[in-house]
Protein chains: 2
Amino acid sequence: MTRYSRQTRLLAAIDCIIFGFDGQELKVLLIHRAFEPEKGKWSLMGGFIQPDEGFEEAASRILLQLTGLKGVYLEQLHAFGDPARDPIERTVSVAYFALIDIHKYEKQLSEEYHPEWFPIGSIPKLIFDHARIIEMGKEKLRYKAALHPILFELLPEKFTIPQLQSLYEGIYETGLDKRNFSRKVLSTGLLIKLKDKEKTSSKKGAFYYKLDKRRYQAKFQAFLNIIPNAHKLS
Amino acid sequence: MTRYSRQTRLLAAIDCIIFGFDGQELKVLLIHRAFEPEKGKWSLMGGFIQPDEGFEEAASRILLQLTGLKGVYLEQLHAFGDPARDPIERTVSVAYFALIDIHKYEKQLSEEYHPEWFPIGSIPKLIFDHARIIEMGKEKLRYKAALHPILFELLPEKFTIPQLQSLYEGIYETGLDKRNFSRKVLSTGLLIKLKDKEKTSSKKGAFYYKLDKRRYQAKFQAFLNIIPNAHKLS
DNA sequence: GCAATTCGTGTCAAAGTAACACTTATATTT
DNA sequence: AAATATAAGTGTTACTTTGACACGAATTGC
């Protein structure tokens, strides 16, 4: 026996939602689709799964192609299998989302795709079901970030507490009390205070912190509860 | 343009983890695989995705085939894509998990598969990567049930609070204080007390409750936090 | 009518949460 | 050099939630 008989075979693709944070709002990196159909339209970065390539492997490859980045936070979001989602030929898509430091991304790498960052609230019209994929990705990011310290993946190695707070405020589109916020994040024990300050955004300057990577690994599953009333989230 | 050229096509299957609760422990329904390879070995219930069939649709079909049940709680768990997971031919699997009332399941329906319930702690050797799929399913169920009221799906329409508590204790393999437990579940406002009692398991008898379906829909996203120290879960 | 069993409930101390305002450090302006 | 403007950093208090803990109530079988 070498194959299963009388079964339909189909294409499998990976699509990546690439999230970044510019200091103000959550953004998504989109490309101009490189081939027909819908060539030139806005799309998530994606690609077909190659023979002998696993899903994570394919997702990393695609991410590397567009951003030049390796070792990035990458998580499977959902598999999309509507028979009509690609009009040319049935293609299932396994969607991943990646969290990257937006400053590490070098635009010039990928001339071919003319990528651009879009605020999560102003996504252009997208091909196929990519709008729905992004919607689900945004929800999962909010959900997960309310419980686990993953948003650090969107920041540079050194960051200030006000920057971290802006990030949470941007993701949840809400204001947070800075006294409560700082008390909570510091109480996790995940942050190490550095000696230098970030001075561009205030006269006084804010101390830099970095992640305590050992504890980050260990406490990853711990619930942060940064967001008051996280249970009211959709 | 009718097809994408130079891309490999592959098989796509659905596998279903069917969870049930017998009053003592969490169980999984397994079958004897019906065809080669590994014919007769223990396996999750599954099947190939048919042309023009979406994932949820396929998962429902497969569940119906084995259990005769419709309208069951069904959620996508994860897509598995290791190129070598099926030795015959590359097959990706989209795994779903279902929560059913174990008493509604009628064994005789599915002669073909010789299905059996196994306690989650005593799963036999399974084909392919099904052991890992179940492991992930168990974790996701625990994770999700700590935050959302999904375990009701495992109980009959009418149930008592002691039964509900046994369920939580079974899922989390822990003991719970009945005073605190009852206070918490009642405070959700999801339960409606009925006038009759369940009398088989105690002399005094325990009042039946049923779910308030309106509030269940509305509060589904609400965090229950039934499990003290849920953040210590793996 | 006595014993045995499981159901059902209340209190209290501790921890966690959310609301709230002022001082500090520094750069810029006058 | 003094005044001003700006964002950083910090502490207290009231309230809510949590977890630990024990006994009376209802019923059955002996």
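The numbers here are math on the coordinates, done by the rules we state, and not lab data. Bear in mind that the values here come from a model prediction, so they are computed numbers and not experimental data. Ideal geometry is used to build each Cβ from the backbone, glycine not excepted, and the neighbour counts take in all protein chains shown.
Tabulated values for the structure
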{"quantity": "Over the protein assembly as shown, equivalent-ellipsoid semi-axes from the Cα gyration tensor in Å", "calculated": "39, 34, 18"}
{"quantity": "Distant alpha-carbon pairs in region B:1-93 (separation over 22 angstrom), percent", "calculated": "36 percent"}
{"quantity": "Nearest-20 debye value, chain A charge dipole, Cβ charges on Lys, Arg, Asp, Glu", "calculated": "1160 debye"}
{"quantity": "Potential extension, B:Gln24-B:Glu169 segment - 0.36 nm per residue separation minus Cα distance", "calculated": "51.3 nm"}
{"quantity": "Cβ charges +1 (Lys, Arg) and -1 (Asp, Glu), total dipole of region B:1-112, debye", "calculated": "340 debye"}
{"quantity": "Which of B:Phe181, A:Phe207 has the fewest Cβ neighbours within 10 Å, and the rest in rising order", "calculated": "A:Phe207, B:Phe181"}
{"quantity": "Stokes-Einstein D for region A:43-163, Kirkwood Rh over Cα pairs, 10 °C, 1.306 mPa s (µm²/s)", "calculated": "100 µm²/s"}
{"quantity": "Copies compared at B:Ile150 - label distances in nm, ascending, label defined 7 Å from Cα in the Cβ direction", "calculated": "1.6"}
{"quantity": "³J(HN,Hα) computed for each position of region A:173-189 - Karplus, 6.51 cos²θ - 1.76 cosθ + 1.60, integer Hz, glycine/proline x", "calculated": "6, 8, x, 10, 6, 6, 5, 5, 4, 5, 4, 5, 5, 5, 5, 6, x"}
{"quantity": "Neighbour-count ranking [beta-carbon atoms within 10 angstrom, fewest first] of A:Tyr172, B:Tyr143", "calculated": "B:Tyr143, A:Tyr172"}
{"quantity": "Backbone N under 18 Å from the A:Gln221 label point (7 Å along Cα→Cβ), restricted to region A:142-172", "calculated": "A:144-150"}
{"quantity": "Label-point separation, A:His103 to B:Lys70 (7 Å along Cα→Cβ), nm", "calculated": "5.8 nm"}
{"quantity": "FRET efficiency, 1/(1 + (r/R0)^6) with R0 45 Å, evaluated for B:Met1 and B:Lys125 via beta carbons", "calculated": "0.45"}
{"quantity": "Label spacing, shortest first and in nm, from B:His32 to its equivalents in the remaining copies (7 angstrom along Cα→Cβ)", "calculated": "6.1"}
{"quantity": "GNM result for chain B, Cα springs below 10 Å: residue of B:Tyr96, B:Tyr168, B:Tyr208 fluctuating most strongly", "calculated": "B:Tyr208"}
{"quantity": "Only Lys, Arg (+1) and Asp, Glu (-1) charged, at Cβ; the protein assembly as shown dipole about Cα centre in debye", "calculated": "2180 debye"}
{"quantity": "Theoretical ellipticity at 222 nm over chain B - DSSP helices of four or more residues, -39500 (n - 2.57) apiece, nearest 500", "calculated": "-7500 deg cm²/dmol"}
{"quantity": "Modelled FRET efficiency - R0 51 Å, A:Thr8 with B:Glu198, Cβ distances, 0.05 increments", "calculated": "0.55"}
{"quantity": "Efficiency of FRET between A:Ser187 and B:Lys178 - r from beta-carbon atoms, R0 25 angstrom, step 0.05", "calculated": "0.20"}
{"quantity": "Share antiparallel - DSSP beta bridges, chain B, percent rounded to 5", "calculated": "75 percent"}
